[in-house]
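The values are calculated or read from the model by the stated rules, or taken from the named source; none is laboratory data. No experiment lies behind these values; they were computed from the predicted model shown. All Cβ positions, even for glycine, are placed from backbone atoms using ideal geometry, and neighbour counts span all protein chains on display.
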């Protein structure tokens, strides 16, 4: 069977990302994707390795896109402002691309070096932004984990509309990140 003209891996991935953003990552199935692309499900196998392959590709795309947003946000900022800007970019990415963000959190079956490398780039970016806090290697990893927890927590709570009070969420995020950074600063004075 010959592949449908115009159908390729990139087209499938774009449709899957859009579907994930509109309806959620778990709405991305071979059936829903083939319907969106107006093809029979077996046609997708000419371009992707089934649903697992699509999820891997979405994870890679999501991690790379998240990295680009975060890296762009910190380009001209320093120390605490860079960390706040990075957190803001992370939360904005999750808000603007909810399905693609959720794809970054999936653990697709089988190993994929691209997913590992894309994740490492994000960790290395966070480590570089935190370098001014003079943390040893172990403390730096703990700090990155803590910062990720803050960012993911805000992103998740925003997605489920859990912030009901009429106060600016970005101000809340900035205040929380600054309190976290004050804790890192306090470690240096002990």
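Going through the stretch 106-140 one residue at a time, which ones are touching a residue at least 12 places away in the same chain (Cβ under 8 Å) and either within 14 Å of residue 181 (Cα to Cα) or out of contact with any helix residue (DSSP H, G or I) (no Cβ under 8 Å at 6 or more places or on another chain) (or both)?
In the first step, residues of the stretch 106-140 are kept if they are touching a residue at least 12 places away in the same chain (Cβ under 8 Å); the result is 106, 108-110, 112, 114-115, 118-119, 121-123, 125-127, 129-130, 132-135, 139-140.
If the condition is that a residue be touching a residue at least 12 places away in the same chain (Cβ under 8 Å) and either within 14 Å of residue 181 (Cα to Cα) or out of contact with any helix residue (DSSP H, G or I) (no Cβ under 8 Å at 6 or more places or on another chain) (or both), then 126, 127, 129, 130, 132, 133, 134, 135, 139, 140 are the ones that fit.
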Scanning the stretch 110-139 for residues that are assigned to a loop (DSSP other than H, G, I, E, B) and more than 18 Å from the chain's Cα centre (by Cα), the one farthest from residue 84 (Cα to Cα) turns out to be 110
Here the residues within the stretch 157-168 that are part of a helix (DSSP H, G or I) and either touching a residue at least 24 places away in the same chain (Cβ under 8 Å) or over 22 Å from the mean Cα position of the chain (by Cα) (or both) are 158, 159
Counting only residues in the stretch 61-81 that are at pLDDT below 95 and in contact with a helix residue (DSSP H, G or I) (Cβ under 7 Å, 6 or more places away or on another chain), the one farthest from residue 98 (Cα to Cα) is identified as 79
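Filter the helices (runs of 4 or more DSSP H) completely within the stretch 1-104 down to those with at least 2 residues that are closer than 18 Å to residue 118 by Cα.
So the answer is 9-23, 50-74, 79-96.
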With criteria (1) in a helix (DSSP H, G or I); (2) closer than 21 Å to residue 148 by Cβ; (3) within 17 Å of the chain's Cα centre (by Cα), residue 107 comes up short on (1)
